[in-house]
1. Could you check region 135-246 for helices (runs of 4 or more DSSP H) lying wholly inside it with 1 or more residues that are closer than 24 Å to Glu299 by Cβ and β-branched (Val, Ile, Thr)?
2. When region 116-134 is examined, which residues are found to be surrounded by fewer than 22 Cβ atoms within 10 Å (Cβ to Cβ), touching an Asp or Glu at 6+ places or on another chain (Cβ under 9 Å) and outside any helix (DSSP H, G or I)?
3. So is Val203 in contact with a Leu (Cβ under 6 Å, 6 or more places away or on another chain) and closer than 13 Å to Ile172 by Cα or not?
4. Quick check on my filter: what residues within region 2-41 are part of a loop (DSSP other than H, G, I, E, B), in contact (Cβ under 8 Å) with a residue 40 or more places away in the chain and either touching a helix residue (DSSP H, G or I) at 6+ places or on another chain (Cβ under 9 Å) or within 24 Å of Lys110 (Cβ to Cβ) (or both)?
5. From the list Ile202, Ile227, which residue is over 16 Å from the mean Cα position of the chain (by Cα), in contact (Cβ under 8 Å) with a residue 60 or more places away in the chain and closer than 27 Å to Thr125 by Cα?
6. Out of Ala223, Ala232, Ala188, I need the residue that is buried (at least 16 other Cβ atoms within 10 Å of the Cβ), touching a Ser or Thr at 6+ places or on another chain (Cβ under 9 Å), closer than 24 Å to Phe290 by Cα and of a type outside the set (S, T, N, Q). Which one?
7. Does at least one position in region 242-250 carry a residue that is within 30 Å of Ala114 (Cβ to Cβ) and at pLDDT 90 or above?
8. Give the number of residues within region 45-68 that are within 26 Å of Arg164 (Cα to Cα) and not in a helix (DSSP H, G or I).
Amino acid sequence: MQTVLITGGTGMIGQSLAKQFIASGYEVIILSRQVKRSSRLHLSYAKWDVEKGEIDIEALQAANIIVHLAGEGVADKRWTLKRKQAIVDSRVQSGNLLVKALSENKHQVKTFIAASAIGWYGPDTAESLENGFIETDKADDSYLGNTCKLWEQSTAAIATMGIRLVTLRIGIVFNKRGGALAAFLQPAKFALATILGTGKQIVSWIHQQDLCKLIQYAIETPAMQGIYNAVAPNPVTNKKLVLTIAKNTYPIYFPAFVPGFVLKIILGEMSIEVLKSANVSAQKTQASGFVFDYPTVEEALVDLLK
């Protein structure tokens, strides 16, 4: 039985991933600042403290695979200078800690799956609107672009250690328990379909089940190495997304446009990302042989809103 060590395993994606791994016959260890007893077979917790540079070496040495998801939520709070630094530090310092621990200790890790984000890419260009951003495109010179660049650099040395490194640039994740979809659903409770800005900006998204499936697929597919976009093959405009959510929520709804300047007042700098159009390609991911269970937003929402 192989053992997977997960960072960020107490979050929504991490919890779903742990359940999936256990069901597939893996032993799972979750690194957490607060260690607790697990009531589930094949699931345990081990301590790490990124700020103090501490990690449970026994847990590290028990692992064959590491899935590194740790990082402060980008959209959880308003972007103050302090918050922006915390977002960067949580990613860079945790990556540095794992690299240091692996380089200084004997271990049996053969595969390392690292999370990144499509914030790497800038606003759409004529070329990206036609073909989608691809993995070889350069990082955008923006806060999120630079954050993703530092994030990926923090684990890049893994590939020089004889460990297979797969980095997934993750799109907007839709799930049943919260996150981005919950934010879109709030106005729907009042029969409102709130379209942001012009509504023409493209949203590159992925169903959480497909993301978890892709992570396990990357683990079990030795040919996968390097960077892959973790997005569904059919991105949509904000307007189409919002109207599709509304249609699947209430029989009667009223479209309402929220001007960009209002979003800037409410969200501050984060509004730049909300209003940004980013058409990200899933071609390389599909070429690896991966098959999406939810390739269209209509199929995803039918599942998530049922």
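The values are calculated or read from the model by the stated rules, or taken from the named source; none is laboratory data. Predicted model only: the values in this text are computed from it and were never measured. Note that each Cβ is placed from the backbone with ideal geometry, even for glycine, and that neighbours are counted across all protein chains shown.
1. Counting at least 1 such residues, we get 208-220.
2. Gly122, Pro123
3. yes
4. Gln2, Gly8, Gly9, Ser24
5. Matching residue, one of Ile202, Ile227: Ile202.
6. Matching residue, one of Ala223, Ala232, Ala188: Ala232.
7. The answer is no, given that none of the residues of region 242-250 is within 30 Å of Ala114 (Cβ to Cβ) and at pLDDT 90 or above.
8. So the answer is 16.
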